[in-house]
């Protein structure tokens, strides 16, 4: 089976790295939609080297690694990477015009970050995610959350959002053609929330909130620049090299698609970008209705994650004192729980029932035992966590193609 990758940005390039090492697919067809540099040699040089993860040969083979890209053919657009045949398509940028069918590609990972609307018409002049289906692909995996632009439209029946190991079983091969692998933050967050929900129960959650301290992304500016016409967030045009930048995240919305129980829990998600190339952190705060005689404590929270990590290949628990660079490249770690920094506090919260609409009580003041827990979860937002998890999802979908 052949794999198609549309675009070689950060996620697309690292997806290629993963699969030439894994060798599940017999061939990889990459669409760049244009010539890169002066030709295939320049593309190969860009694939081979990475400022965050080093050289591809060392990534694959350690200190013995040499150059692993060979047999370049400029006219045919072909090369071998780690002995895996790779073909590069350079003619079309609109998904419906990419020659997936002619090249025998049945499953495509779209990592452009541009085509995210599952409702968009495949014949759209500017291109659409469904264009991949029109050009021959049977399954399209989006390396980003779905974003429906037109208000009032519902998610199409053939589109679904999944995170490997959380709700992968919701994918139905005969039904779903468009699959979103959510985002790096949603992936990490789902592995932080799922163990707590399973053991404590959604009914005991009063509220939850999170802040992701997130590494820079390709959409941010290296130096200050003028905002585009009509821009509303002037911070997006400030230099990520010199600033901590407040921004937004869609993790809360996407999490409800992956873990339906979150729909009944008040949840807030925020994001802060920092000047590092990779390695991010989620600070999760949950408020739980508790028992003053036997409150949930730090050891209980950590034991929940330890137990989950023993059965899940995608959650790691750590009692070490980590910094962000320590988790860059950590394989298949959707989240790494920093157990040394888990904190809890239990107290009786005074609640005035008469302030609740429709409630009249003879004894309006009650004391409700509440435990607030703070949990830290690391994730490599590029290769280690997200790209590897995306690849796991891709292979699992490929295995179900008939």
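Every read-out reported here was derived from the displayed coordinates using simple, explicitly stated rules and does not represent laboratory data. Remember, predicted model here, so these are calculated numbers, not experimental data. With ideal geometry, Cβ positions are generated from the backbone for all residues, glycine too; neighbour counts draw on all protein chains shown.
Ranked for footprinting exposure by Cβ neighbours inside 10 Å, fewest first, 374, 105, 395 give 374, 395, 105.
Compute the FRET efficiency between residue 150 and residue 172 as 1/(1 + (r/R0)^6), taking r as their Cβ-Cβ distance and R0 = 25 Å, and round to the nearest 0.05.
0.50
Against the chain, whose longest principal axis is taken from its Cα atoms, helix 298-311 shows a tilt of about 30°. Between helix 10-22 and the chain there is an angle of about 70 degrees, using the helix long axis and the longest principal axis of the Cα atoms.
Only DSSP H runs of four or more residues enter the estimate; each adds -39500 (n - 2.57), and after division by the residues of the chain the mean residue ellipticity at 222 nm equals -6000 deg cm²/dmol.
Taking a point 7 Å from the Cα of residue 231 along the Cα-to-Cβ direction, the residues of the range 272-301 with backbone N closer than 19 Å to it are 272-275. Sorted fewest first by neighbouring Cβ atoms within 10 angstrom, 386, 63 come out as 63, 386. Entry note: the chain has Rg to Rh equal to 1.01, where both radii use alpha-carbon atoms and Rh is the Kirkwood radius.
Here the range 344-388 and the range 7-68 have alpha carbon centers that stand 45 Å from each other.
In the distance distribution for the range 185-384, Cα-Cα pairs more than 24 Å apart total 48 percent.
So what is Rg over Rh here for the range 285-375, counting just Cα atoms and using Kirkwood for Rh? Computed over Cα atoms, the ratio is 1.18. Contact order, relative form, for the range 185-384: 26 percent (alpha carbon pairs under 8 Å, 6 or more residues apart, mean separation divided by residue count). Taking a ≥ b ≥ c as the square roots of the eigenvalues of the Cα gyration tensor, an a/c ratio of 1.5 or more together with a/b no larger than b/c marks the range 60-211 as oblate. Taking other C-beta atoms within 10 angstrom as a stand-in for reagent exposure, 26, 239, 143, 277 fall in the order 26, 239, 277, 143, fewest first. Reducing the range 76-111 and the range 288-323 to their Cα centroids gives an inter-centroid distance of 44 Å. Cα centroid distance between the range 246-275 and the range 152-181, in Å? So the separation of the two Cα centres works out to 18 Å. Where does helix 388-398 land angle-wise versus the long Cα axis of the chain, in degrees 0 to 90, nearest 10? That helix lies at roughly 70 degrees to the long axis.
In whole percent, what relative contact order does the chain give with Cα contacts below 8 Å and a gap of six or more residues? Computed value for the chain: 14 percent relative contact order.
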